[in-house]
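Colleague: Mind looking over this structure? Questions follow.
Every number here is computed from the coordinates shown, using simple stated rules; none is lab data. Only a predicted model underlies this, so the values are computations on that prediction, with no experimental measurement involved. Glycine gets a Cβ as well: all are built from the backbone with ideal geometry, and neighbour counts include every protein chain shown.
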Amino acid sequence: MKICVNGGHYPGLDSGACGSYLQEADVTKNLMQKVAQYLRNVGYEVLEVQENELFDITNASNNFGADLFVSLHCNSAANPEAKGTETYCYDLNGQGAMLAQCIQKQIINSLGTVDRGVKESKALYVLKHTDCVACLVETAFISNENDESLLANQLDDFARAIARGVTDYFQ
C-alpha cells in the first residue's frame, strides 16, 4: 500500500496559522515526518509532500499512485476558546469518511481533544483533486493555549494516533 502524507503549508513561504509560539507549517512538517516513519515501520510505502502550491501536492500524490492521502493541519480561530480536533473528507458517504473517522477516533481517544467530528468539504482542493481515498486532519487549534501546548509537547502522540487511524482503516 502506498500512502501520501502531506504536511500542510510550507515553512518559509506560507507559515499557515500561528499560535503564540508555534507556526502551523513547522508543526505539520514535524508531524508529517513522524507519521510517515510510523507507517513505514509497519510496512507501508510512504511519500512525504510539503509544497507551497496545492496542485504540486495533489500531482505528487497522484503520480506516486497513492492508495491513501492524509493532509495534516493545525486549526485556528479568532475566538481563543475554540479547541479540538476535526477531520474532513470529500463525501460523508465515501471511503474518505471512513478513513477520517478512523483517524478522528484515534486522536480523540489518545489525546482527549474535543471531538469536533468528521465533516464534509467539497471545497478543499487536496480532497477534490487527489485520485485516491483522502482526508484532511485539523489536529488541534494552534490559536488555543491548551491545544497549542498539546501540539508542542505531544506531537508524537498525534503522530502515533494518526498512523493507528490509517492502519485501522485498512483492517
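Colleague: Once phi is turned into θ = phi - 60°, what whole-Hz ³J(HN,Hα) does the Karplus curve with 6.51, -1.76 and 1.60 give for every residue of segment 12-22, x standing for Gly and Pro?
Modeller: Each residue's phi maps through the Karplus curve to give x, 10, 9, 5, x, 6, 10, x, 6, 8, 10 Hz.
Colleague: Going by Cα centres, segment 36-74 and segment 118-163 are how many Å apart?
Modeller: 14
Colleague: Still on this structure: Note the full-extension length gain between S20 and L92 as 0.36 nm times their separation in residues minus their Cα-Cα distance, in nm to one decimal.
Modeller: The span from S20 to L92 would gain 22.5 nm if fully extended.
Colleague: Here's something else I'd like to know. Simple spin-label model, 7 Å along Cα-to-Cβ: E81 to K119 in nm?
Modeller: 1.8
Colleague: Still on this structure: Can you work out the Karplus-derived ³J(HN,Hα) for every residue in segment 60-73? Use 6.51 cos²θ - 1.76 cosθ + 1.60 with θ = phi - 60°, whole Hz, and x for glycine or proline.
Modeller: Calculated HN-Hα couplings, in order: 4, 5, 5, 5, 5, x, 4, 8, 8, 10, 10, 9, 10, 9 Hz.
Colleague: Please work out how many pairs of lysine residues in segment 1-136 are eight or more positions apart (or on different chains) and have Cα atoms closer than 24 angstrom.
Modeller: Lysine pairs meeting the criterion: 18.
Colleague: Suppose the chain between T167 and V42 were pulled fully straight at 0.36 nm per residue; how much longer would it get relative to their current alpha carbon spacing?
Modeller: Length gained, T167 through V42: 44.1 nm.
Colleague: Further, regarding this structure: Would you kindly state how much longer the chain becomes between D157 and M1 on full extension, computed as 0.36 nm times their sequence separation minus their alpha carbon distance, in nm to one decimal?
Modeller: 53.8 nm
Colleague: Follow-up. Residue farthest toward the positive end of the dipole of the chain, with Cβ of Lys/Arg at +1 and Asp/Glu at -1: which of L99, C74, L127?
Modeller: Of the options given, the answer is L99.
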